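Trainee: Let me give you the structure first, and then I'll get to my questions.
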2 protein chains.
Amino acid sequence: MSPLSITAADIEEMEHLYRINLINSITGYKSANLIGTKSKNGVSNVAVFSSVTHFGSNPALIGVVMRPTTVARNTYDNIINTKYYTINHIHQAIIEDAHHTSAKYPENISEFDKTDLEEEYINNFEAPFVKQSVIKMAMELVETIPVKANGTILVLGRVLELILPPEIIADDGFVDLNTAQTVAISGLDAYHRPQQQARLSYARPDQKVTKI
Amino acid sequence: MSPLSITAADIEEMEHLYRINLINSITGYKSANLIGTKSKNGVSNVAVFSSVTHFGSNPALIGVVMRPTTVARNTYDNIINTKYYTINHIHQAIIEDAHHTSAKYPENISEFDKTDLEEEYINNFEAPFVKQSVIKMAMELVETIPVKANGTILVLGRVLELILPPEIIADDGFVDLNTAQTVAISGLDAYHRPQQQARLSYARPDQKVTKI
């Protein structure tokens, strides 16, 4: 079939669920992470996010897109109030429980009590890690950046500590996410296992890139 | 082996290449897209980006992280000067050429002339699409948001037109990226083919999520 053209006006007129399924798919594969936080009242919280994005390596800066008016509100409020949170990779074995954290529980309920995800406290860091996760990060809030166009907020944090198995780190620092069984998300609800096709050499003008 | 703890101080002291390989890996899988632009002088440009991120569905808003002091400068300048750009999915068959666009060519050289990627003009949109891409978007600049912490800039745009094969769109709007052969990136240089494990049902409190 020949390609379909969908305009901004078409998108605006779509039924809500159709639109969010479509537009959440079109950026490509997304990272799959659980963000762990604790409220001022000591209630722990864990929630799935597909918008965790690299912003810089030195310092190590990571952004997450949040919409404070949705279910992510507990996570957002906790980060603003405490300044600390964790980012934990989702892997194959915890997909269902990770996805379940998107259910709208009231703020006095911990998703750790509603799933088999276990909270873990490491080196006195106040926010809960997800015990099952293979790759975990302790994060400190750096900056919240409001997006005028639609009221979302970019929450930017700095990596305080990175915890992962040494055997998945290559000699050059590259982390083997296939072996960690980290998954990717597409759309709102699809979980994928990626398989590495190639690492490619640093690209230089007029030189063919090669597999490394 | 027991998990390794890497602190912010450790990250700061790392050798540059080791650090960027490591920190670019830890957010998980990333989207793999080519951004097409045209300069004021009519030189076309195409460059690989792994930071294309969903910001909202209504309007359809997409963000890209750019560092104007790097090779991405041509893309950034062209977007600022013309307001228009395209986002094109990278699929299995064009991985090498897509990666090659990260080579530092001067601004008067088009990466379309240095690779087998072909520029395509659709419906009089002024920025070039990548002909080979299965999923393509015409974008209009909405907002540039400076990140104080490290001088990167979040470039936020609105989808004007989305072009894709109708047969990969499910009845509920979900797009089958596996069939589109869209790839994911990890680290700086690894390209992956994801395989869908499951779509999971909308999560509701105290109900088990199920495969849909």
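Trainee: Can you tell me how many residues in the range B:151-175 are open to solvent by less than 10 Å² (accessible area, probe 1.4 Å), facing chain A (nearest Cβ under 7 Å) and over 28 Å from A:Q195 (Cβ atoms)?
Mentor: Count: 4.
Trainee: I'm told A:K114 meets every condition in (1) among the charged types (D, E, K, R); (2) under 30 Å from B:M139 (Cα atoms); (3) within 8 Å of chain B (Cβ to nearest Cβ) except one. Can you identify the failing condition by its number?
Mentor: Of everything listed in (1) among the charged types (D, E, K, R); (2) under 30 Å from B:M139 (Cα atoms); (3) within 8 Å of chain B (Cβ to nearest Cβ), A:K114 misses just condition (2).
Trainee: Is at least one residue of the range B:138-159 closer than 16 Å to B:F49 by Cβ, in contact (Cβ under 8 Å) with a residue 24 or more places away in the chain and acidic (D, E)?
Mentor: No, the range B:138-159 contains no residue that is closer than 16 Å to B:F49 by Cβ, in contact (Cβ under 8 Å) with a residue 24 or more places away in the chain and acidic (D, E).
Trainee: Further question: Could you please give the count of residues in the range B:126-140 that are open to solvent by 30 Å² or more (accessible area, probe 1.4 Å) and farther than 26 Å from A:I212 by Cα?
Mentor: Looking only at the range B:126-140, we keep the residues that are open to solvent by 30 Å² or more (accessible area, probe 1.4 Å), and these are B:126, B:131-132, B:134, B:140.
Subsequent filtering for residues that are farther than 26 Å from A:I212 by Cα retains B:126, B:131, B:134, B:140.
Result for the range B:126-140: 4.
Trainee: Enumerate the pairs (first residue in the range B:188-212 and farther than 23 Å from B:A98 by Cα and at the interface with chain A (Cβ under 7 Å from one of its Cβ atoms); second residue anywhere and aromatic (F, W, Y) and part of a loop (DSSP other than H, G, I, E, B)) with beta-carbon separation below 7 Å, excluding pairs fewer than 6 apart on the same chain, so at least 6 apart or on different chains.
Mentor: Sorted first by the residue in the range B:188-212, then by its partner, the pairs are B:P205/A:Y105.
Trainee: All but one of (1) closer than 21 Å to B:S57 by Cβ; (2) modelled with pLDDT under 95 hold for B:K208, so report the exception by its number.
Mentor: Tallying (1) closer than 21 Å to B:S57 by Cβ; (2) modelled with pLDDT under 95, B:K208 fails exactly one: (1).
Trainee: Here's another thing I want to ask about it. I'm told A:T7 meets every condition in (1) open to solvent by 20 Å² or more (accessible area, probe 1.4 Å); (2) under 18 Å from the mean Cα position of the chain (by Cα); (3) among the β-branched types (V, I, T) except one. Can you identify the failing condition by its number?
Mentor: Here A:T7 meets the rest and fails (2).
Trainee: Which of (1) modelled with pLDDT of 95 or more; (2) more than 8 Å from chain B (Cβ to nearest Cβ) is the odd one out, the single condition A:N178 does not satisfy?
Mentor: Checking A:N178 against (1) modelled with pLDDT of 95 or more; (2) more than 8 Å from chain B (Cβ to nearest Cβ), the one that fails is (2).
Trainee: Another question, then. Here is a list of conditions, (1) open to solvent by 10 Å² or more (accessible area, probe 1.4 Å); (2) more than 18 Å from A:I35 (Cα to Cα); (3) part of a strand (DSSP E or B), and A:T179 meets all of them except one; can you say which number that is?
Mentor: (3)
Trainee: Return only the number of the condition from (1) surrounded by fewer than 16 Cβ atoms within 10 Å (Cβ to Cβ); (2) farther than 22 Å from A:H91 by Cα; (3) touching a Leu at 6+ places or on another chain (Cβ under 8 Å) that B:K211 does not satisfy.
Mentor: Result: B:K211 passes all but (2).
Trainee: Any chance the range B:27-39 includes a residue that's within 11 Å of chain A (Cβ to nearest Cβ), surrounded by 16 or more Cβ atoms within 10 Å (Cβ to Cβ), out of contact with any Phe, Trp or Tyr (no Cβ under 8 Å at 6 or more places or on another chain) and over 17 Å from B:E161 (Cβ atoms)?
Mentor: Yes; the residues of the range B:27-39 include at least one that is within 11 Å of chain A (Cβ to nearest Cβ), surrounded by 16 or more Cβ atoms within 10 Å (Cβ to Cβ), out of contact with any Phe, Trp or Tyr (no Cβ under 8 Å at 6 or more places or on another chain) and over 17 Å from B:E161 (Cβ atoms).
Trainee: Which residue pairs have Cβ atoms under 6 Å apart, sit 6 or more places apart or on different chains, and have a first residue in the range B:17-33 that is part of a loop (DSSP other than H, G, I, E, B) and a second that is open to solvent by 20 Å² or more (accessible area, probe 1.4 Å)?
Mentor: Qualifying pairs under 6 Å: B:T27/A:H54.
The values are calculated or read from the model by the stated rules, or taken from the named source; none is laboratory data. A quick note: this is a predicted structure, and the numbers were derived from the prediction, not measured. All Cβ positions, even for glycine, are placed from backbone atoms using ideal geometry, and neighbour counts span all protein chains on display. With ligands, DNA and RNA removed, areas are computed over all heavy atoms of the protein, side chains included. Shrake-Rupley method; radii C 1.70, N 1.55, O 1.52, S 1.80 Å.
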